[in-house]
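First, the structure itself, so that you have it in front of you.
Every read-out reported here was derived from the displayed coordinates using simple, explicitly stated rules and does not represent laboratory data. All figures in this text were calculated on a predicted structure; none of them were measured in a lab. Here Cβ is always computed from backbone atoms with ideal geometry, including for glycine, and neighbour counts include all displayed protein chains.
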Amino acid sequence: MAVSEGDLPYVKIVDWYGPLPLLVQGAGFRTFGVGLDTMVWMNIALTVVVLLLIHAIFGTLGNRMTGWLATVVFVCVFAFGHYSLVAITISSRRMFRRPPMGLRGFSC
């Protein structure tokens, strides 16, 4: 990866998700070697750190329930939000597949 070789984000590298994941992955590649496993584990570690910070900040501003609720909302909306496209694609394939042979001429 170019970041592990010293390139800076937004100078020679175009990234749409912000510099933090890119820099964390670059540090991981430099430390542990370039590979998919390294990228996955660095992203998991970054997500855990962000979840702990969100829980601590919202737990301090409100109560423990507020901290847990903010953490759950972050996980559902932001941490795994990019999987919604996969779910939409799968459901649209089920919705638009052809009917069985016996029902092709039948309409309600």
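If you stretched the chain out fully between Arg30 and Val73, how much longer would it get, using 0.36 nm times the residue separation minus the C-alpha to C-alpha distance?
Taking 0.36 nm per residue and subtracting the Cα distance, the gain is 12.2 nm.
Work out the FRET efficiency for Val40 and Thr66 from their Cβ-Cβ distance, taking R0 = 41 Å, and round it to the nearest 0.05.
Computed FRET efficiency for Val40 and Thr66 comes out at 0.85.
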